[in-house]
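The values are calculated or read from the model by the stated rules, or taken from the named source; none is laboratory data. Here the structure is a predicted model, which is why all the values come from computation and not from measurement. Cβ coordinates were reconstructed from backbone atoms using ideal geometry, including for glycine residues, and neighbour counts include every protein chain displayed.
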Amino acid sequence: MRVIETQQGLFFLRPYQPGDEWAILSSWKEAFGKEMSLEEWRWKYPENPEGFRCLLCLAEDGTVVAHYAAQVMRVAFRGGTILGLHLTDSFSHPRFRWAVGGKRGLFVQTGWVFLRTFLEKIELPVEPLPTGLPVARLAYGFPGERHFRLGWRLMKYRLHGPGVLYLRARHRPGWRYGLGLQQSRLQDFELWEEIDRLFEDQRPRRPFCVERRARFLRWRFRRPGKEYLIFYTKAFWRKRLKAWMIGTPGQEGLRLLDFWARDEAEMKKLLQAVLAETGDGAEVWLAGNHPWRKAFFEAGFQPENEPLGIVPCSRCYFADPRVPPETADGFFFTMADADLF
């Protein structure tokens, strides 16, 4: 635990401890103006198979003044696997905003100690807190514009160079590419071993992303209160998958949240089949460097203004000085890497 002395009293920095969730959710409601259920919080953090990291700044009465947290992810990188941190739910309690602003504010101090504690290489005059947990090498997140401006000014947030693409496609009557397309609710899907096989087959060609394994997908799309569909194609003579796509109904048709394919041609075929069969059009957010962005364009998707105002950020931290922060620009993502849907 670290103690911060102010003229208005003492504040305490420490990692999450079991039982803190009630105070976290209370302050979360004050900060965001809406509630997060305990069930959703448990899904997002403790139920993540890779774990989570959370640092709290507490007032003397136990109120969570500042919260900095991340979901731990297994990230494919240059033929191996590294730990990544998806930064989520960073906030400060509005009743303590007098104490959280500026370079020495409690929120900024909480953020720096979090990064110094849970990431491999942060050159700061801040000592990490002892946790015994393995450190991560990549941090990324999708803050709104206001949060990003604060982080960029005070915490060296770094824009993800390729940015984010928002694409939309409308149903075109007469397209009939649905041959071989299969669809089910995700909870009824059974070919999880083939999900892993397809990822491993493509891993050498798609080297820098969160590992698209069954372990990740079965957790990520078990969000309370949500239902997801999976569309997929496979070889006729065996059950091996050629491409898959997970989506959920949205205001602009089908909202495509994640996808993987044997190659770009198979991704294009799957997209055309999905658009032909659903009939409602579709929307998708994906990294500007996503390896299958061309398939979306060729399937009829067009870029539009991004409606949510998200700002993708990413940074790599390696003890090896030959790996600069710009390496993070090679990371690619979909909305499965965010917690928005």
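Table: residues versus (1) among the charged types (D, E, K, R); (2) in contact with a strand residue (DSSP E or B) (Cβ under 6 Å, 6 or more places away or on another chain); (3) not assigned by TED's automatic domain parsing to the domain that holds residue 250.
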{"position": "288", "(1), (2), (3)": "no, yes, no"}
{"position": "292", "(1), (2), (3)": "no, no, no"}
{"position": "298", "(1), (2), (3)": "yes, no, no"}
{"position": "327", "(1), (2), (3)": "no, yes, yes"}
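Can you find even one residue in segment 320-331 that is buried (at least 17 other Cβ atoms within 10 Å of the Cβ), part of a loop (DSSP other than H, G, I, E, B), at pLDDT below 90 and not basic (Lys, Arg)?
no
Can you confirm whether residue 257 is surrounded by fewer than 22 Cβ atoms within 10 Å (Cβ to Cβ) and under 15 Å from the mean Cα position of the chain (by Cα)?
No, not satisfied.
Mind listing whichever residues of segment 204-223 are in a loop (DSSP other than H, G, I, E, B) and either of a type in the set (Phe, Trp, Tyr) or buried (at least 21 other Cβ atoms within 10 Å of the Cβ) (or both)?
If the condition is that a residue be in a loop (DSSP other than H, G, I, E, B) and either of a type in the set (Phe, Trp, Tyr) or buried (at least 21 other Cβ atoms within 10 Å of the Cβ) (or both), then 212, 221 are the ones that fit.
Within segment 234-252, which residues are closer than 14 Å to residue 274 by Cβ and surrounded by fewer than 22 Cβ atoms within 10 Å (Cβ to Cβ)?
242, 248, 249, 250
Using the structure shown, decide if residue 14 is closer than 22 Å to residue 217 by Cβ and touching a residue at least 60 places away in the same chain (Cβ under 8 Å).
Criteria not met by residue 14.
Step by step: first the residues of segment 74-98, then only those that are part of a strand (DSSP E or B) and more than 14 Å from the chain's Cα centre (by Cα), then the one that is farthest from residue 196 (Cα to Cα). Which residue is that?
The selected residue is 92.
Does segment 283-298 contain any residue that is touching a Lys or Arg at 6+ places or on another chain (Cβ under 6 Å), among the hydrophobic types (A, V, I, L, M, F, W, C) and part of a loop (DSSP other than H, G, I, E, B)?
No, there is no match, as no residue in segment 283-298 is touching a Lys or Arg at 6+ places or on another chain (Cβ under 6 Å), among the hydrophobic types (A, V, I, L, M, F, W, C) and part of a loop (DSSP other than H, G, I, E, B).
Could you say whether any residue in segment 149-161 is surrounded by fewer than 20 Cβ atoms within 10 Å (Cβ to Cβ), modelled with pLDDT under 90, touching an Asp or Glu at 6+ places or on another chain (Cβ under 8 Å) and not small (Gly, Ala, Ser)?
Looking for residues that are surrounded by fewer than 20 Cβ atoms within 10 Å (Cβ to Cβ), modelled with pLDDT under 90, touching an Asp or Glu at 6+ places or on another chain (Cβ under 8 Å) and not small (Gly, Ala, Ser), one finds none in segment 149-161, hence no.
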